[in-house]
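The values are calculated or read from the model by the stated rules, or taken from the named source; none is laboratory data. None of these values were measured; they are calculated from a predicted model. We place every Cβ from the backbone using ideal geometry, glycine too, and count neighbours over all the protein chains shown.
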Amino acid sequence: MRSYLVIGNQTLDSPELAATIRERLAMGPATFHFVVPATPVGHGLTWAEEEARAVATERLTEALARLGGSGAECTGEIGSRDPVEAAEDALRGRLVDEIILSTLPPGISRWLGQDVPSRLKGSVSVPVTVVTAARESVSSG
């Protein structure tokens, strides 16, 4: 059975990520472990960690519920606000065949601006697939 680590936050409900997960499921039985980094929820120059964790928890719960009927084994956790650290933490004691990093589109994505895809690829020994949500897929608000 193949095992996937999915790192995402605002794009967990994007059609692009859903299509990628469907493609992996079409290849055979699979497990998916979702890690949602507790990234800051902006209110000007301040943010509260409790709020970031609450938003991440809500997104994780919704993602797991969506995949629950797919036949895939799905688990998840809230991770460090840094997606690379969150992935590294999740990989301790867990073997995966691939990491799927789901990001917002260029120009909107902080993760792309921070070069998270390259940083992640440089810090792990498994393939990393980057799934970028289309602008139309991103809900405002």
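Scanning region 107-115 turns up at least one residue that is within 20 Å of ILE21 (Cβ to Cβ) and either over 13 Å from the mean Cα position of the chain (by Cα) or surrounded by 15 or more Cβ atoms within 10 Å (Cβ to Cβ) (or both). Of all residues in region 77-84, none satisfies being of a type in the set (S, T, N, Q) and more than 18 Å from VAL124 (Cβ to Cβ).
Does ARG94 satisfy the criteria of being closer than 21 Å to LEU25 by Cβ, of a type outside the set (A, V, I, L, M, F, W, C), in contact with a strand residue (DSSP E or B) (Cβ under 9 Å, 6 or more places away or on another chain) and outside any helix (DSSP H, G or I)? Criteria met by ARG94. Would you please name the residue that is modelled with the lowest pLDDT, looking only at residues in region 67-84 that are of a type in the set (D, E, K, R) and touching a helix residue (DSSP H, G or I) at 6+ places or on another chain (Cβ under 8 Å)? Filtering region 67-84 for residues that are of a type in the set (D, E, K, R) and touching a helix residue (DSSP H, G or I) at 6+ places or on another chain (Cβ under 8 Å), the one modelled with the lowest pLDDT comes out as ARG81.
Can you go through ALA19, ALA54 and tell me which one is in a helix (DSSP H, G or I), under 20 Å from PRO117 (Cβ atoms) and either within 11 Å of the chain's Cα centre (by Cα) or modelled with pLDDT under 95 (or both)?
ALA19
Out of curiosity, is LEU64 more than 14 Å from the chain's Cα centre (by Cα), modelled with pLDDT of 90 or more and either at negative phi or not in a helix (DSSP H, G or I) (or both)? The answer is no for LEU64. Taking the criterion of being modelled with pLDDT under 95 and either of a type in the set (Lys, Arg) or not in a helix (DSSP H, G or I) (or both), the residues of region 126-140 that qualify are ALA133, ALA134, ARG135, VAL138, SER139, SER140. With respect to the stated conditions, ARG92 is loosely packed, with under 12 Cβ neighbours inside 10 Å and without any contact (Cβ under 8 Å) to a residue 60 or more places away in the chain. Summed over region 107-130, residues that are more than 17 Å from ALA90 (Cβ to Cβ) and either among the aromatic types (Phe, Trp, Tyr) or in contact (Cβ under 8 Å) with a residue 60 or more places away in the chain (or both) total 1.
The listed residues are VAL84, VAL35, VAL6, and the only one of them that is β-branched (Val, Ile, Thr), in a helix (DSSP H, G or I) and under 25 Å from ARG135 (Cα atoms) turns out to be VAL84.
Residue-by-condition table, conditions (1) under 21 Å from THR75 (Cβ atoms); (2) surrounded by fewer than 15 Cβ atoms within 10 Å (Cβ to Cβ); (3) not small (Gly, Ala, Ser):
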site: LEU5; (1), (2), (3): yes, no, yes
site: THR11; (1), (2), (3): yes, no, yes
site: ILE21; (1), (2), (3): yes, no, yes
site: THR39; (1), (2), (3): yes, no, yes
site: GLU51; (1), (2), (3): no, yes, yes
site: GLU58; (1), (2), (3): yes, yes, yes
